Each structure stands twice: as C-alpha cells, then as structure tokens.
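Peer 1: One structure, as structure tokens, below. Some questions next.
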Amino acid sequence: QEQFARLQRELQQHQVQIQHLQDESTVIQVPAEVLFNISSITIKRSGREALKLVAELLNAYPDRLISVEGHSDAVPVGRESPYPSNWELSSARAAAAVRFLQHNAMVDPARMMVTGYSAYRPVASNDTPEGRRANRRIEIMLVSERKGRRVLN
C-alpha cells in the first residue's frame, strides 16, 4: 500500500493518471508529450522515467494482461511525417512503449498487446489545443487475470 502511494505520487509528477474501473481494470494514462516529440516514436528521457515507474506498477500484478493503446488527435499527420496517417502513428507509439517496457523495464512480453486507435476514441474535443493535447496519449490497461490458453487442433 505504501509502495503504491509512492508510485502514484511519482507518476503524478510525470502527468501520468491512474484510474480504477468498475470491472477491476486499471487504466494508466500517459500524455504523448511526456513520451514523444511531435510525429516521433522515439521515447524521450521524461518518457523513459515515467515508463519505468509504470513498469513497477505493472510488475506488481504479474497475472494481469497489459493492453498498450495509442491515441492521437484528429489533425492529419503532416507530409514530413514518416507515417501515412494517425493510425500508423498511434500504433507505432504503442509498440514503442511495449518495446521499452519489455527491454528496459523487464515487463513480460507475453502479457502485452498493442492497439492503435488513431483519433477515434477521443477524451476531449479536437476543436481546441487543450483537447487535442489530451487526445494524444498512450493508455496502458491492466486487464483481467490471465487464463490458460486453449489450443485448437
């Protein structure tokens, strides 16, 4: 309990928000500006620090699956972007976070999955700079406990 409170305080310093949902899932929301420069998938120093703290929380629940979800605003990517659309950018950012968690924070890759939602699950209006900033994010969800896999023959 004390360790969780410490982690929560440190994560808040990195603008990371934690939400506990009614279905016992936990959503960890990290603003894209903490993790990435514009149109980039290279994780910044502040993002590496934040993800290491997130990994402590994830590793405290080894029986939970982890869904790493990339989100963007509704502004189309620019012509200078290496990504043809926000679909690819949001997916690539989620994958970059997963790679970091696996290789730098020892999160079991068998627990993680990557999803890109582009601009299609906004948390705010895309009509204002503040809303667009809120929509550019990575959400890391701790979901239901792992169940045995069913093998189909």
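Peer 1: As a test of the formula, what do you get for the chain when each DSSP H run with n ≥ 4 contributes -39,500 (n - 2.57) and the sum is divided by the residue count, at 222 nm and rounded to the nearest 500 deg cm²/dmol?
Peer 2: Per the formula, -11500 deg cm²/dmol.
Peer 1: Over the chain, with every protein chain in place, what whole percent of the accessible area is carbon and sulfur at 1.4 Å, could you tell me?
Peer 2: The C+S portion of the solvent-accessible surface of the chain is 49 percent.
Peer 1: Given a 10 angstrom Cα cut-off, can you work out which residue in Ala60, Ala97, Ala74 is the most mobile in a GNM of the chain?
Peer 2: Checking each option, the largest mean-square fluctuation is seen for Ala60.
Peer 1: Give, as a single signed number, the net charge of other residues whose beta carbon lies under 15 Å from the beta carbon of Ser118, with Lys and Arg counted +1 and Asp and Glu -1.
Peer 2: Summing Lys/Arg as +1 and Asp/Glu as -1 gives +1.
Peer 1: Select from His14, Ile38, Asn135 the residue farthest towards the positive end of the dipole of the chain; place +1 on Cβ of Lys and Arg, -1 on Cβ of Asp and Glu, and compute about the Cα centre.
Peer 2: It is Ile38, whose Cα lies furthest towards the positive end.
Peer 1: In whole percent, what relative contact order does region 1-109 give with Cα contacts below 8 Å and a gap of six or more residues?
Peer 2: 23 percent
Peer 1: Hand me the GluC sites (Glu not before Pro) from region 4-71 located in a DSSP loop with no more than 12 other Cβ atoms within 10 Å, in residue order please.
Peer 2: Glu24
Peer 1: Moving on to the next point. In debye to the nearest 20, how big a dipole does the chain give about its Cα centre with +1 on each Lys and Arg Cβ and -1 on each Asp and Glu Cβ?
Peer 2: In total the dipole reaches around 360 debye.
Peer 1: Then there is this: Points 7 angstrom from Cα along the Cβ direction at Ile38 and Glu10: gap in nanometres?
Peer 2: About 3.2 nm, to one decimal.
Peer 1: Hey, can you find the accessible area per residue of region 23-131 for me, probe 1.4 Å, expressed in square angstrom?
Peer 2: Roughly 50 Å² per residue, with all protein chains present.
Peer 1: Longest exposed-loop-site-free stretch of the chain, with trypsin sites (Lys or Arg not before Pro), DSSP loop and at most 11 other Cβ within 10 Å?
Peer 2: The longest such stretch corresponds to 1-78.
Peer 1: With a cut-off of at most 11 other beta carbons within 10 Å, and DSSP calling the residue loop, which GluC sites (Glu not before Pro) in region 77-146 qualify? Please list them.
Peer 2: Glu80
Peer 1: If I model a spin label at Tyr61 and Glu24 as a point 7 Å from the Cα along the Cα→Cβ vector, what separation in nanometres do I get?
Peer 2: Between Tyr61 and Glu24, the label points sit 1.0 nm apart.
Peer 1: While we're here: At 1.4 Å probe size, what's the solvent-accessible area of His20? Round to the nearest 10 Å².
Peer 2: In the full protein context, His20 sits at about 120 Å².
The values are calculated or read from the model by the stated rules, or taken from the named source; none is laboratory data. What you see is a predicted model; the values in this text were computed from it and never measured. Cβ sites come from the backbone with ideal geometry, for glycine too, and all protein chains shown count toward neighbours. For accessibility, only protein heavy atoms count, side chains too; no ligands or nucleic acids. Shrake-Rupley method; radii C 1.70, N 1.55, O 1.52, S 1.80 Å.
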